[in-house]
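What follows is a single structure, written as structure tokens, with notes after it.
Nothing in this text is a laboratory measurement; each read-out follows from the coordinates by a stated rule. All values reported here derive from a predicted model rather than from experimental measurement. Cβ sites come from the backbone with ideal geometry, for glycine too, and all protein chains shown count toward neighbours.
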Amino acid sequence: MERKMKPESLMMSYGYKPELSEGAIKCPIFQTSTFVFKTAEAGKAFFEVAYGLRPANKGEEPGLIYSRINNPDLEILENRLTLWDEAEDCAVFESGMSAISTVLLEFLKPGDTVLISSPLYGGSDHFIKKILPKFGIHVLEFMVGQTKEEIIKIVNDANMGSQLAMVFIETPANPTNHLIDIKCSKEIAEHFSGENKHVYLAVDNTYMGPIWQHPIKHGADLVLYSATKYIGGHSDVIAGACLGSKDLIKRVKGLRTFLGNMASPNTGWLLLRSLETLKVRMDVQATNADKVAAFLTAHPAVEKVYFPGNLTEKDGEQFKIKQRQCLTNGGMISFDVKGGEKEAFQFLNALKLIKLAVSLGSTESLAEHPATMTHSDVDFDLKQRFSITEKMVRLSVGVENYEDIIFDINQALSKITH
């Protein structure tokens, strides 16, 4: 009797044939630049399919040509990553920003407009607002909490409805944990789509990772990850990923080939290793985060905690979005200490178990200061609007014993002097 296995069960073997690698139980690192063709005819056929000169014949698989185009480590990794999001295809990159920038450059052209949610991760914010305009691409943004009608009005008031080509959202938002409604964003994209124009919805799902939120199920065309974070999970690799339909990912991979920002075989191998423990790691991180958030919420030195688990029915639409989209409360917590930068720095400098470093989603707990670090380049007024102020600390909860994490936070908070 056939059984559809869960993704966590398939992470050890899906897409890999040991008999093609001397029976090795784990996929080797194919550290090679090029691949030998069996015949000239085979090489010709491989290039015809790879460059889209003809569609693949029934049962014909893309052949290995050159590691800038494809590599066994990347192909197996991309196949496995599709399982979590139930996507048709995946493209892996050497960084999260290379995945984001490639997608934006592929689906936007001079004269187009991209509509973004705000706030965004600092790197995304910089690329969209300061690099894309150099290519003649216009940027509109909407704020957390605005209704569908209000967002449509933003586009119409700017007279850019006919130019809108993509809606790009990040949910939960970094570092505030504000939630954007994926389904509503899709409806906005469809509102401005036409018979000869499809407005794409791209979702940066890094904060929830592929376990805790599945944007494609809510209407996303493209899902983006900094695979450095939860997918990699060990602070030892930089990578990115994009998932979607075969047709869209074919376009993404096409531009990737010529930008040359595909992941290396070694990066692919490291991520294959990480996928085997992805669910167990993230399960522990979500449980730990719930405990840590509860402690911070009750602590007298903490003014406010930004965490999806703290949302209640009184929070209205934010609570409804969480109930609809998020499978857990996540592993990221931001909080305001009572005071300002001096007090936040005192806390950060007193941490012992938790490391003072940017990034997130790894096995170790990390803390940083968004206003002066990850989001230092974001417009000051925008930071103030979303409370990304001098008193905010961002915490990525790891897999350590939660009591030890809480002990370290408590002793560091006790070092704050006013």
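Structural remarks
- Restricting segment 167-239 to GluC sites (Glu not before Pro) that sit in a DSSP loop and have at most 16 other Cβ atoms within 10 Å of their own Cβ leaves Glu195.
- Antiparallel DSSP beta bridges within the chain, as percent of all bridges there, nearest 5: 55 percent
- Among residues other than Asn261 with Cβ under 10 Å from its Cβ, the summed charge is +1 (Lys and Arg +1, Asp and Glu -1).
- Rounded to the nearest 20, the size of the Cβ-charge dipole of the chain about its Cα centre is 260 debye, with Lys and Arg at +1 and Asp and Glu at -1.
- Potential lengthening between Leu327 and Lys314 on full extension [0.36 nm per residue; Cα-Cα distance subtracted]: 2.7 nm
- Charge context of Phe380, other residues only, Cβ under 13 angstrom, K/R +1, D/E -1: -3
- Relative contact order (percent, whole number), segment 67-275, Cα cutoff 8 Å, 6+ residue spacing: 31 percent
- GNM flexibility winner over the chain from Gly309, Gly145, Gly43 (Cα, springs under 10 Å): Gly43
- Extension gain, Lys4-Lys58: 0.36 nm per intervening residue step, less the Cα-Cα distance, totals 17.0 nm.
- Length added when fully stretched, Glu195-Lys134, from 0.36 nm per residue minus Cα-Cα: 19.0 nm
- Top positive-direction residue, dipole computed over the chain with Cβ charges, set Thr257, Thr171, Gly136: Thr257
- Over the chain, DSSP H runs of length four or greater, each weighted -39,500 (n - 2.57), average out per residue to a 222 nm ellipticity of -11000 deg cm²/dmol.
- Calculated Rg/Rh (Cα atoms, Kirkwood Rh) (choose from (1) 0.99; (2) 0.96; (3) 1.23), label: (1)
- For segment 29-123, applying the loop criterion from DSSP together with a ceiling of 10 other beta carbons within 10 Å to the trypsin sites (Lys or Arg not before Pro) yields Lys38, Lys58.
- Degrees, to the nearest 10: 40-50 long Cα axis against longest axis of the chain: 40 degrees
- Residues whose amide H comes within less than 5 Å of that of Ala239, counting only those at least five positions distant or on another chain, are Gly96, Ala227, Thr228 (H built at 1.01 Å from N in the peptide plane).
- Rounded to the nearest 20 debye, the dipole size of segment 67-275 about its Cα centre is 400 debye, using +1 on the Cβ of Lys and Arg and -1 on the Cβ of Asp and Glu.
- Note on segment 241-264 and segment 116-132: Cα centroid distance 21 Å, given to the nearest whole angstrom.
- Sparsely packed trypsin sites (Lys or Arg not before Pro) within segment 328-363, loop by DSSP, other Cβ within 10 Å at most 12: Lys352
- Part-to-part distance (alpha-carbon centres) for segment 141-203 and segment 335-356, which is given in Å: 35 Å
- Helix 72-85 vs. the chain, principal-axis angle (Cα, 0 to 90°, nearest 10): 50 degrees
- Helix 246-259 vs. the chain, principal-axis angle (Cα, 0 to 90°, nearest 10): 90 degrees
- When only Cα pairs below 8 angstrom with a gap of at least 6 residues are kept, segment 278-413 shows a relative contact order of 30 percent.
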